[in-house]
Amino acid sequence: MTLTSLHRLFIANRGEIACRIIRTAQEMGITTCVGYSEADANARFVRMADEAVLLGPAEPAKSYLDVTKVIEAAQELQADAIHPGFGFLSENTEFAKACEDAGIIFVGPNSAAILSMGSKKEARHIMEKAGVPCVPGFDGKADDNLKKEAERIGFPLLIKASFGGGGKGMRRVNNINEFDAALERAKSEAQYAFGNDDIILERLVEKARHVEVQVFGDKHGNIVHMGERDCSMQRRHQKIFEESPCPVLPQDVRENLCAAAIQAAKAVNYDNAGTVEFLLAPNNEFYFLEMNTRIQVEHPVTECVTGLDLVAWQLKVARGEPLPLVQDDISFRGHAIEARIYAENPHEQFLPQTGLLHHAAWPEGLGIRVDTGYDTGDEATPYYDPMLAKIIVSGETREEARNRLAYAFSQTALLGVQTNLDFLQQCLVNDDFANDNIHTTFVEENIDDLLPTSTREENAQVALAAALLSWPDVQHQDGWGSNAASNWPMKIKHQDTHFQVSVQQKDQRQFLVQVDNTSFAIRIIDFNHASCTVSLDGQRSKLFAFNNKNTLYLQQGTQTAQYDDVTFLRLKTEDAAKADQVTSPMSGKVLKVLKSQGHTSENGETLIVVEAMKLEHQLTAPRDGVIAAVHVKEGDQVGPDQLLMELEPQPEAS
């Protein structure tokens, strides 16, 4: 076949995957173009691209998910091809066809393959016909039969969105009493995330591992695999760690698994990059889950163990070239692990976090790779997925890679936005993870052991914060300042606790700080771009610190904390009014308002549903009462701590 020219590439995505694609395309001499939303006008991927054009407002439906706008933007920038990345329009058959109709190369599989695998129902039918083992289940043709089918399949089971992935529109159901509520949530989330509320039911395989195979096809009928990845460390069906190879897979099972993946790809005449996902039962039997018809978030671990650039392969195959290698020429070496860094608060049920990254420092070194869409000064917004970066490490053995990842975490600094970095470190050093004794529900079952707890003495940390807030040489345009007095009082707030502190400056770099009648000798040895070396009672350590308008962000190792200097602020008193308020825990969009003014509510009853970063969050009544006021309506954008609804006591019966 005749090769198609590919000189200008439009990336129909954002964040780290857009940056990742731009890097390879530019190395291949291809001009890179992007479309961006108003919220992403100054984002890293826009800065990296050769050319960029505005798509529309921040909401994905009005920018990154608008097929017409994306095609028009690509045509405006005279792009030869469009790379969809992952998420957004990457598995949208209409978008792939729109590219074909516009004469633009779609960097992905043919639209027929996307259509076949885009529906989990259709995919199950095709795989069963092809002889690929599937999980027992039901394709959900009629709502009236779903309960009956659920009882036939047995519990526990999963309700899954037929379209889409990433854990969205997926609910575990332990018994028939949970079914109706879980079904409603799954369908609602699927409709919002994918524009389709179609669902399927699948038997939940207990203690299973999630193992997937990277496949690659071309337009000449060639298909190869690039080995497997183990993605068993998950939370809420979203992957946390991914690694290659799977550390517990016997060689004969590996060969059968990869052969089944090739069989699945051939069944739909697959071309370009794809991933066939399987459940691996404790007895090493495996079952087809789904096929992702795009590049995966975790593709870097495959690149690390094969030495191949999957994005470069995608671009070559898209323009009509045959696969660069045949199966026998693809070799594997060592072990690679990837961790996903999210803007979320593990101690608040992993609520997505938003805000400005006042300081971002990423690790470097042998066997360490970082794929990110964020630098210092970039903002995590409520409109998109909360993933900030992926840290990928490789080593000759799994243990070497695991130790290297722990070191990489310690060299990562993210100040200004709460992240899951310390949680990832706790997972990494967990004995069961170290010994490969994990499965897809391991995190939920062991969450109390995995949630990070501070190992540092609180008063000492408050003293250190006071010294850093006071040091005249630690200056920033947003508020580092000097204090002419040699001894002064301070009030420091940490979480919900206020500390009375006395600070005495001994010389330019040395302080004596008293907290609760305990004195701490602190010396600031060095400070450079938020990287700081200090001595606390003679013990020297390195840390990261940034002060923004009397708020100090402090990170030691992977543990981060925020300290506020409230010396000159009137402290708010806690009163009963707080118990009568429903506030938003994050920035987001109001999906549902379930109660109106004058209606009664019960403690724990869901009153409002807020969507943030493509997930639904139920806000419940803090106590029994009557709705006194509703301050929002469905569709409103809300910010963190914004008052949404007020309650008042129920009138006493006369």
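Regarding residue 254, is this residue over 25 Å from the mean Cα position of the chain (by Cα), closer than 24 Å to residue 304 by Cβ and in contact (Cβ under 8 Å) with a residue 12 or more places away in the chain? Judged against the criteria, residue 254 is a match.
If only one of 626, 638, 632, 590 is hydrophobic (A, V, I, L, M, F, W, C) and farther than 23 Å from residue 60 by Cβ, which one is it?
That would be 626, the only listed residue that is hydrophobic (A, V, I, L, M, F, W, C) and farther than 23 Å from residue 60 by Cβ.
Condition first: touching a Gly at 6+ places or on another chain (Cβ under 6 Å), part of a loop (DSSP other than H, G, I, E, B) and touching a residue at least 24 places away in the same chain (Cβ under 8 Å). Can you find one or more residues in segment 400-412 that meet it? No - not one qualifying residue is present in segment 400-412. Filtering segment 225-258 to residues that are of a type in the set (A, V, I, L, M, F, W, C) and closer than 20 Å to residue 447 by Cβ leaves 231, 233, 240, 241. Of all residues assigned to segment 225-232, none qualifies as being basic (Lys, Arg), farther than 30 Å from residue 422 by Cα and either outside the structural domain of residue 403 (by TED's automatic domain parsing) or touching a helix residue (DSSP H, G or I) at 6+ places or on another chain (Cβ under 9 Å) (or both). Among the residues of segment 413-433, the ones that are touching a residue at least 24 places away in the same chain (Cβ under 8 Å) and either assigned to a loop (DSSP other than H, G, I, E, B) or among the small types (Gly, Ala, Ser) (or both) come to 6 in all.
Looking across segment 7-29, just one residue is surrounded by fewer than 22 Cβ atoms within 10 Å (Cβ to Cβ) and either closer than 16 Å to residue 106 by Cβ or touching a Cys at 6+ places or on another chain (Cβ under 8 Å) (or both), and that is 8.
Taken across segment 359-368, residues that are surrounded by 17 or more Cβ atoms within 10 Å (Cβ to Cβ), free of Cβ contacts under 8 Å to residues at least 40 places away in the same chain and out of contact with any helix residue (DSSP H, G or I) (no Cβ under 9 Å at 6 or more places or on another chain) do not occur at all.
You will find that of 333, 294, the residue that is part of a loop (DSSP other than H, G, I, E, B), within 21 Å of residue 200 (Cβ to Cβ) and not hydrophobic (A, V, I, L, M, F, W, C) is 294 and no other.
Every condition in (1) within 20 Å of the chain's Cα centre (by Cα); (2) part of a helix (DSSP H, G or I); (3) farther than 18 Å from residue 212 by Cα is met by residue 300 except one, and the failing one is (3). Filtered by the rule that a residue be surrounded by 14 or more Cβ atoms within 10 Å (Cβ to Cβ), within 20 Å of residue 411 (Cα to Cα) and not β-branched (Val, Ile, Thr), segment 517-540 gives 527, 530, 531, 532, 535.
Residues in segment 398-421 that are over 15 Å from residue 363 (Cα atoms) and not basic (Lys, Arg): 399, 400, 416, 417, 418, 419, 420.
Determine if segment 25-38 includes at least one residue that is in a helix (DSSP H, G or I), among the aromatic types (Phe, Trp, Tyr) and within 26 Å of residue 167 (Cα to Cα). No. Residues in segment 63-115 that are farther than 22 Å from residue 214 by Cβ and within 22 Å of the chain's Cα centre (by Cα): 3 in all. Residues that are part of a strand (DSSP E or B) and either out of contact with any Ser or Thr (no Cβ under 8 Å at 6 or more places or on another chain) or aromatic (Phe, Trp, Tyr) (or both) within segment 342-368 comprise 342, 345, 351, 352, 355, 356, 368, listed in sequence order.
Criterion applied to 311, 317 was being over 21 Å from residue 401 (Cα atoms), over 28 Å from the mean Cα position of the chain (by Cα) and either buried (at least 23 other Cβ atoms within 10 Å of the Cβ) or outside the structural domain of residue 25 (by TED's automatic domain parsing) (or both), and the one residue passing it is 317.
The values are calculated or read from the model by the stated rules, or taken from the named source; none is laboratory data. Note that this is a predicted model, so its numbers are computed, not measured. So basically every Cβ, Gly included, is an ideal-geometry build from the backbone, and we count neighbours across all protein chains shown.
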